[in-house]
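Worksheet: one structure, shown below.
The values are calculated or read from the model by the stated rules, or taken from the named source; none is laboratory data. Everything numeric in this text was worked out from a predicted model, so none of it was measured. Note that we place each Cβ from the backbone using ideal geometry, even for glycine, and neighbour counts take in every protein chain shown. Ligands, DNA and RNA are stripped out before the accessible areas are found, and what is left, the full protein with its side chains, is counted by its heavy atoms. Shrake-Rupley method; radii C 1.70, N 1.55, O 1.52, S 1.80 Å.
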Amino acid sequence: MSRRSAGLQGRVISFIRGPLKIPVHRLEVGLKPRIPDARGRIVRERARTFLGLSIRSCRTRDVYKIAADLSAELRAAVKAAFTDPVTSVSEFGRLAPPGFDWLIEIGYKPGVTDNLGRTAQAVVEDVAGRRLAPGEGVYTSTQYFIRGDLSRRDVERLARRMLANTLIQQITIYAAAEWRACPPDTAVPHFRESSGPLVRRYDLEVGGAELMQISRDGILALSLQEMRAIRDYYRREDVRRFRRERGLPAEPTDVELECIAQTWSEHCKHKIFSARIRYRDQTTGEEMWINSLFNTYIRRATEEIRRRRPWLVS
(Lines give C-alpha, C1' and ligand atoms only; values in the text may rest on other atoms or scores of the structure.)
Protein backbone atom coordinates (compact mmCIF):
# COMPACT_ATOMS: atom_id res chain seq x y z
CA MET A 1 0.00 0.00 0.00
CA SER A 2 2.79 2.45 0.75
CA ARG A 3 4.21 2.11 -2.78
CA ARG A 4 0.83 2.70 -4.33
CA SER A 5 0.07 5.71 -2.19
CA ALA A 6 3.43 7.32 -2.93
CA GLY A 7 2.49 7.70 -6.57
CA LEU A 8 -0.82 9.50 -6.13
CA GLN A 9 -0.40 12.86 -7.80
CA GLY A 10 -1.32 15.77 -5.56
CA ARG A 11 -0.92 14.15 -2.16
CA VAL A 12 1.28 11.80 -0.22
CA ILE A 13 -0.29 9.39 2.24
CA SER A 14 1.93 7.81 4.87
CA PHE A 15 0.43 4.98 6.88
CA ILE A 16 1.25 4.75 10.59
CA ARG A 17 0.66 1.86 12.94
CA GLY A 18 0.93 3.06 16.51
CA PRO A 19 -0.70 5.06 19.27
CA LEU A 20 -3.22 7.73 18.41
CA LYS A 21 -3.91 10.94 20.29
CA ILE A 22 -7.54 9.76 20.22
CA PRO A 23 -8.20 7.13 22.93
CA VAL A 24 -8.44 3.55 21.65
CA HIS A 25 -10.85 1.17 23.39
CA ARG A 26 -10.15 -2.52 22.71
CA LEU A 27 -13.28 -4.68 22.91
CA GLU A 28 -12.90 -8.48 22.78
CA VAL A 29 -15.99 -10.60 22.04
CA GLY A 30 -16.01 -14.39 22.33
CA LEU A 31 -18.40 -17.29 22.64
CA LYS A 32 -19.41 -18.59 26.04
CA PRO A 33 -17.43 -21.70 27.07
CA ARG A 34 -20.30 -24.14 26.44
CA ILE A 35 -21.17 -22.72 23.01
CA PRO A 36 -19.59 -24.74 20.16
CA ASP A 37 -17.10 -22.70 18.12
CA ALA A 38 -17.78 -23.67 14.49
CA ARG A 39 -15.10 -21.33 13.19
CA GLY A 40 -12.52 -22.89 15.49
CA ARG A 41 -13.59 -26.42 14.57
CA ILE A 42 -13.09 -25.67 10.88
CA VAL A 43 -9.59 -24.35 11.61
CA ARG A 44 -8.74 -27.51 13.54
CA GLU A 45 -10.01 -29.84 10.82
CA ARG A 46 -8.38 -27.97 7.95
CA ALA A 47 -5.06 -27.74 9.81
CA ARG A 48 -5.05 -31.53 10.15
CA THR A 49 -6.24 -32.21 6.60
CA PHE A 50 -4.15 -29.71 4.64
CA LEU A 51 -1.13 -29.00 6.85
CA GLY A 52 -0.79 -32.21 8.86
CA LEU A 53 -0.94 -30.27 12.15
CA SER A 54 -2.56 -31.86 15.19
CA ILE A 55 -4.58 -29.24 17.08
CA ARG A 56 -6.50 -30.30 20.18
CA SER A 57 -8.72 -27.24 20.23
CA CYS A 58 -9.17 -23.81 18.65
CA ARG A 59 -11.36 -21.08 20.11
CA THR A 60 -11.85 -17.82 18.22
CA ARG A 61 -12.71 -14.26 19.19
CA ASP A 62 -13.47 -10.99 17.46
CA VAL A 63 -11.58 -7.83 18.44
CA TYR A 64 -12.83 -4.29 17.85
CA LYS A 65 -10.40 -1.42 18.38
CA ILE A 66 -12.59 1.66 18.69
CA ALA A 67 -10.60 4.85 18.22
CA ALA A 68 -13.08 7.39 19.57
CA ASP A 69 -13.73 9.54 22.58
CA LEU A 70 -16.35 7.48 24.45
CA SER A 71 -17.64 8.04 27.95
CA ALA A 72 -18.06 5.15 30.37
CA GLU A 73 -21.79 5.19 29.66
CA LEU A 74 -21.23 5.01 25.92
CA ARG A 75 -18.68 2.20 26.30
CA ALA A 76 -21.26 0.16 28.20
CA ALA A 77 -23.83 0.80 25.48
CA VAL A 78 -21.37 -0.16 22.73
CA LYS A 79 -20.42 -3.33 24.59
CA ALA A 80 -24.09 -4.31 24.85
CA ALA A 81 -24.63 -3.64 21.14
CA PHE A 82 -21.71 -5.89 20.14
CA THR A 83 -22.54 -8.78 22.48
CA ASP A 84 -25.24 -11.43 22.09
CA PRO A 85 -26.20 -12.16 25.71
CA VAL A 86 -27.28 -15.70 24.86
CA THR A 87 -24.10 -16.90 23.15
CA SER A 88 -21.33 -14.37 23.82
CA VAL A 89 -19.27 -12.64 26.47
CA SER A 90 -17.17 -9.51 26.04
CA GLU A 91 -14.82 -7.19 27.84
CA PHE A 92 -12.97 -3.97 27.21
CA GLY A 93 -9.23 -4.49 27.50
CA ARG A 94 -8.78 -8.23 27.79
CA LEU A 95 -11.37 -10.99 28.07
CA ALA A 96 -10.37 -14.00 30.19
CA PRO A 97 -8.90 -16.53 27.73
CA PRO A 98 -9.68 -20.20 27.25
CA GLY A 99 -6.85 -22.65 27.86
CA PHE A 100 -4.31 -22.23 25.07
CA ASP A 101 -0.68 -22.78 24.07
CA TRP A 102 -0.53 -20.27 21.23
CA LEU A 103 -2.49 -17.18 20.23
CA ILE A 104 -2.68 -15.93 16.64
CA GLU A 105 -4.20 -12.51 16.04
CA ILE A 106 -4.85 -11.39 12.47
CA GLY A 107 -5.86 -7.87 11.45
CA TYR A 108 -5.69 -5.70 8.37
CA LYS A 109 -2.63 -3.79 7.22
CA PRO A 110 -2.75 0.02 7.07
CA GLY A 111 -4.87 1.34 4.23
CA VAL A 112 -6.67 -1.96 3.52
CA THR A 113 -10.47 -1.75 3.52
CA ASP A 114 -11.91 -3.28 6.69
CA ASN A 115 -15.55 -3.99 5.80
CA LEU A 116 -16.41 -5.43 9.20
CA GLY A 117 -14.79 -2.38 10.78
CA ARG A 118 -16.98 -0.11 8.66
CA THR A 119 -20.10 -1.95 9.77
CA ALA A 120 -18.94 -1.83 13.39
CA GLN A 121 -18.30 1.91 13.03
CA ALA A 122 -21.90 2.42 11.87
CA VAL A 123 -23.07 0.61 15.02
CA VAL A 124 -20.87 2.80 17.23
CA GLU A 125 -22.24 5.91 15.50
CA ASP A 126 -25.82 4.73 16.05
CA VAL A 127 -25.14 4.14 19.74
CA ALA A 128 -23.27 7.42 20.17
CA GLY A 129 -25.83 9.39 18.18
CA ARG A 130 -23.13 11.12 16.14
CA ARG A 131 -20.79 10.57 13.21
CA LEU A 132 -17.24 9.67 14.16
CA ALA A 133 -14.86 12.55 13.59
CA PRO A 134 -11.86 12.47 11.19
CA GLY A 135 -9.18 10.30 12.74
CA GLU A 136 -11.74 8.24 14.66
CA GLY A 137 -12.72 4.78 13.47
CA VAL A 138 -13.18 1.11 14.24
CA TYR A 139 -10.58 -1.54 13.32
CA THR A 140 -11.14 -5.29 13.58
CA SER A 141 -9.04 -8.39 14.03
CA THR A 142 -9.59 -12.07 14.83
CA GLN A 143 -7.98 -14.13 17.59
CA TYR A 144 -7.29 -17.87 17.40
CA PHE A 145 -6.50 -19.56 20.73
CA ILE A 146 -4.71 -22.81 19.83
CA ARG A 147 -4.06 -25.83 22.04
CA GLY A 148 -1.65 -28.42 20.72
CA ASP A 149 1.93 -29.61 20.69
CA LEU A 150 3.09 -27.15 18.02
CA SER A 151 6.35 -25.30 17.47
CA ARG A 152 6.43 -21.60 16.65
CA ARG A 153 7.30 -22.57 13.09
CA ASP A 154 4.15 -24.74 12.94
CA VAL A 155 2.04 -21.86 14.20
CA GLU A 156 3.58 -19.44 11.69
CA ARG A 157 2.85 -21.91 8.89
CA LEU A 158 -0.76 -22.25 10.07
CA ALA A 159 -1.18 -18.48 10.18
CA ARG A 160 0.45 -17.75 6.82
CA ARG A 161 -0.87 -20.65 4.78
CA MET A 162 -4.40 -20.97 6.12
CA LEU A 163 -5.60 -18.10 8.30
CA ALA A 164 -4.24 -14.89 6.77
CA ASN A 165 -3.81 -13.28 3.39
CA THR A 166 -0.36 -11.77 3.91
CA LEU A 167 -0.88 -9.26 1.08
CA ILE A 168 -3.54 -7.43 3.08
CA GLN A 169 -3.32 -8.78 6.63
CA GLN A 170 -0.77 -8.66 9.44
CA ILE A 171 -0.11 -11.51 11.86
CA THR A 172 0.82 -11.43 15.54
CA ILE A 173 1.77 -14.65 17.33
CA TYR A 174 2.12 -15.13 21.09
CA ALA A 175 3.06 -18.12 23.17
CA ALA A 176 0.84 -18.25 26.26
CA ALA A 177 3.55 -16.81 28.53
CA GLU A 178 4.32 -14.02 26.05
CA TRP A 179 0.67 -13.03 25.87
CA ARG A 180 0.33 -12.86 29.65
CA ALA A 181 3.43 -10.67 29.90
CA CYS A 182 2.15 -8.12 27.34
CA PRO A 183 -0.48 -5.44 27.84
CA PRO A 184 -3.49 -5.51 25.50
CA ASP A 185 -2.56 -4.26 22.02
CA THR A 186 -4.33 -1.00 21.19
CA ALA A 187 -2.27 -0.04 18.12
CA VAL A 188 -4.43 0.65 15.07
CA PRO A 189 -3.55 0.83 11.34
CA HIS A 190 -4.45 4.47 10.76
CA PHE A 191 -2.93 6.97 8.34
CA ARG A 192 -2.33 10.68 8.00
CA GLU A 193 -2.13 12.85 4.89
CA SER A 194 0.30 15.55 3.88
CA SER A 195 0.18 17.61 0.70
CA GLY A 196 2.76 17.46 -2.07
CA PRO A 197 2.92 15.65 -5.43
CA LEU A 198 5.24 12.68 -5.74
CA VAL A 199 5.45 10.33 -8.72
CA ARG A 200 7.88 7.43 -8.80
CA ARG A 201 9.44 6.13 -12.03
CA TYR A 202 10.54 2.55 -12.59
CA ASP A 203 13.58 1.48 -14.61
CA LEU A 204 12.56 -1.75 -16.31
CA GLU A 205 15.92 -2.25 -18.05
CA VAL A 206 16.94 -4.77 -15.40
CA GLY A 207 17.16 -8.52 -15.06
CA GLY A 208 14.34 -10.95 -14.37
CA ALA A 209 14.93 -11.06 -10.62
CA GLU A 210 14.75 -7.27 -10.38
CA LEU A 211 11.59 -7.17 -12.51
CA MET A 212 9.92 -9.65 -10.16
CA GLN A 213 11.07 -7.61 -7.17
CA ILE A 214 9.29 -4.57 -8.65
CA SER A 215 6.15 -6.69 -9.02
CA ARG A 216 6.36 -7.98 -5.44
CA ASP A 217 7.17 -4.61 -3.87
CA GLY A 218 4.27 -2.99 -5.68
CA ILE A 219 1.85 -5.86 -4.97
CA LEU A 220 1.29 -5.94 -8.73
CA ALA A 221 0.87 -9.74 -8.95
CA LEU A 222 2.43 -9.70 -12.42
CA SER A 223 4.40 -12.67 -13.76
CA LEU A 224 7.88 -12.39 -15.23
CA GLN A 225 6.40 -12.85 -18.72
CA GLU A 226 4.01 -9.96 -18.09
CA MET A 227 6.74 -7.72 -16.64
CA ARG A 228 8.88 -8.37 -19.71
CA ALA A 229 5.92 -7.57 -21.99
CA ILE A 230 5.51 -4.23 -20.21
CA ARG A 231 9.25 -3.55 -20.51
CA ASP A 232 9.18 -4.34 -24.24
CA TYR A 233 6.24 -2.00 -24.77
CA TYR A 234 8.12 0.92 -23.22
CA ARG A 235 11.14 0.08 -25.41
CA ARG A 236 9.19 0.67 -28.63
CA GLU A 237 10.33 3.75 -30.56
CA ASP A 238 6.76 4.88 -31.34
CA VAL A 239 5.92 4.74 -27.62
CA ARG A 240 9.09 6.63 -26.69
CA ARG A 241 8.35 9.29 -29.33
CA PHE A 242 4.75 9.65 -28.15
CA ARG A 243 5.92 10.15 -24.55
CA ARG A 244 8.60 12.66 -25.50
CA GLU A 245 6.11 14.75 -27.43
CA ARG A 246 3.89 14.98 -24.38
CA GLY A 247 6.62 15.61 -21.84
CA LEU A 248 6.34 12.17 -20.24
CA PRO A 249 9.36 10.27 -18.90
CA ALA A 250 10.65 7.31 -20.88
CA GLU A 251 10.18 5.06 -17.82
CA PRO A 252 6.71 4.05 -16.63
CA THR A 253 5.43 5.71 -13.46
CA ASP A 254 4.01 3.89 -10.47
CA VAL A 255 0.50 5.01 -11.49
CA GLU A 256 0.94 3.52 -14.97
CA LEU A 257 2.21 0.19 -13.61
CA GLU A 258 -0.68 0.11 -11.16
CA CYS A 259 -3.20 0.70 -13.97
CA ILE A 260 -1.68 -2.13 -16.01
CA ALA A 261 -1.60 -4.46 -13.01
CA GLN A 262 -5.24 -3.75 -12.21
CA THR A 263 -6.32 -4.25 -15.82
CA TRP A 264 -4.35 -7.49 -16.14
CA SER A 265 -5.40 -8.81 -12.75
CA GLU A 266 -7.28 -12.05 -12.30
CA HIS A 267 -10.26 -10.04 -11.05
CA CYS A 268 -10.50 -7.89 -14.19
CA LYS A 269 -8.99 -10.05 -16.94
CA HIS A 270 -9.73 -13.56 -15.64
CA LYS A 271 -6.34 -14.85 -16.72
CA ILE A 272 -6.98 -18.36 -15.40
CA PHE A 273 -10.57 -18.59 -16.66
CA SER A 274 -9.52 -17.33 -20.11
CA ALA A 275 -6.32 -19.35 -20.48
CA ARG A 276 -5.75 -22.43 -22.60
CA ILE A 277 -5.49 -25.21 -20.02
CA ARG A 278 -4.18 -28.74 -20.39
CA TYR A 279 -6.40 -31.08 -18.34
CA ARG A 280 -5.81 -34.73 -17.44
CA ASP A 281 -8.57 -36.88 -15.96
CA GLN A 282 -7.10 -38.62 -12.92
CA THR A 283 -9.43 -41.62 -13.32
CA THR A 284 -9.14 -42.37 -17.05
CA GLY A 285 -5.82 -40.68 -17.77
CA GLU A 286 -7.43 -38.95 -20.75
CA GLU A 287 -5.89 -35.58 -21.62
CA MET A 288 -7.57 -32.65 -23.31
CA TRP A 289 -7.01 -28.96 -23.97
CA ILE A 290 -9.65 -26.52 -22.73
CA ASN A 291 -9.71 -23.21 -24.54
CA SER A 292 -11.03 -20.91 -21.77
CA LEU A 293 -12.81 -22.41 -18.78
CA PHE A 294 -15.17 -19.43 -18.84
CA ASN A 295 -16.27 -19.84 -22.45
CA THR A 296 -16.33 -23.64 -22.35
CA TYR A 297 -18.18 -24.27 -19.08
CA ILE A 298 -19.66 -21.09 -17.65
CA ARG A 299 -20.79 -19.05 -20.65
CA ARG A 300 -21.64 -22.11 -22.76
CA ALA A 301 -23.85 -23.59 -20.03
CA THR A 302 -25.74 -20.30 -19.76
CA GLU A 303 -26.17 -20.07 -23.54
CA GLU A 304 -27.47 -23.65 -23.76
CA ILE A 305 -30.05 -22.97 -21.07
CA ARG A 306 -31.02 -19.72 -22.81
CA ARG A 307 -31.68 -21.58 -26.06
CA ARG A 308 -34.10 -23.89 -24.23
CA ARG A 309 -35.50 -21.26 -21.88
CA PRO A 310 -35.82 -17.91 -23.68
CA TRP A 311 -36.87 -16.18 -20.44
CA LEU A 312 -33.30 -16.47 -19.11
CA VAL A 313 -31.74 -13.02 -18.92
CA SER A 314 -28.34 -13.69 -17.33
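Odds and ends about this structure:
- Trypsin sites (Lys or Arg not before Pro) lying in DSSP loop within the range 43-83, provided at most 14 other Cβ fall within 10 Å: Arg56
- Longest site-free stretch - the chain; sites: GluC sites (Glu not before Pro), DSSP loop, at most 16 other Cβ within 10 Å: 1-204
- Overall form of the range 102-207: oblate. Here a/c, set by the Cα gyration tensor axes a ≥ b ≥ c, is 1.5 or more, and a/b is not larger than b/c.
- In the range 196-314, a dipole from Cβ-located charges (positive for Lys and Arg, negative for Asp and Glu) runs towards its positive end, and of Ala301, Ser274, Leu204 it is Ala301 whose Cα lies farthest in that direction.
- For the chain, the Kirkwood radius over C-alpha pairs fed into Stokes-Einstein at 25 °C and 0.890 mPa s yields D = 103 µm² per second.
- The Cα trace of the range 190-311 gives Rg and Dmax of 20.8, 63 Å, the first to one decimal, the second as a whole number.
- The chain: angle of helix 38-51 to the longest principal axis, Cα-based, in degrees nearest 10: 50 degrees
- Each residue of the range 100-115 was assigned a 3J(HN,Hα) from its phi angle through the Karplus expression (A = 6.51, B = -1.76, C = 1.60, θ = phi - 60°), giving 7, 9, 9, 10, 10, 10, 10, x, 7, 6, x, x, 7, 5, 10, 5 Hz with x at Gly and Pro.
- Test item: Cα-centred dipole of the chain, Lys/Arg +1 and Asp/Glu -1 on Cβ, debye: 520 debye
- Rounded to the nearest 20, the size of the Cβ-charge dipole of the range 180-314 about its Cα centre is 580 debye, with Lys and Arg at +1 and Asp and Glu at -1.
- Both numbers refer to the Cα atoms of the range 255-314; Rg and Dmax are 16.2, 49 Å.
- Rounded to whole numbers, the Karplus 3J(HN,Hα) couplings from phi for the range 262-267 are 5, 5, 8, 6, 4, 5 Hz, using 6.51 cos²θ - 1.76 cosθ + 1.60 with θ = phi - 60°, and x at Gly and Pro.
- In a DSSP loop and with at most 10 other Cβ atoms within 10 Å, the trypsin sites (Lys or Arg not before Pro) in the range 148-246 are Arg236, Arg246.
- Think of each Lys and Arg Cβ as +1 and each Asp and Glu Cβ as -1; about the Cα centre, that makes the dipole of the range 64-144 roughly 140 debye.
- Surface share of carbon and sulfur [accessible, 1.4 angstrom probe, percent] for the chain: 51 percent
- Reachable lysines, given that their alpha-carbon falls under 18 Å from the alpha-carbon of Lys32 and they are not under 8 places away in the same chain: Lys79
- Computed FRET value (nearest 0.05) for Glu304 with Cys268, which takes r as the C-beta separation and R₀ as 25 Å: 0.40
- Length-normalised contact order for the range 217-314 - Cα pairs under 8 Å, 6+ apart - percent: 16 percent
- At a probe radius of 1.4 angstrom, the accessible area of the chain per residue rounds to 61 square angstrom.
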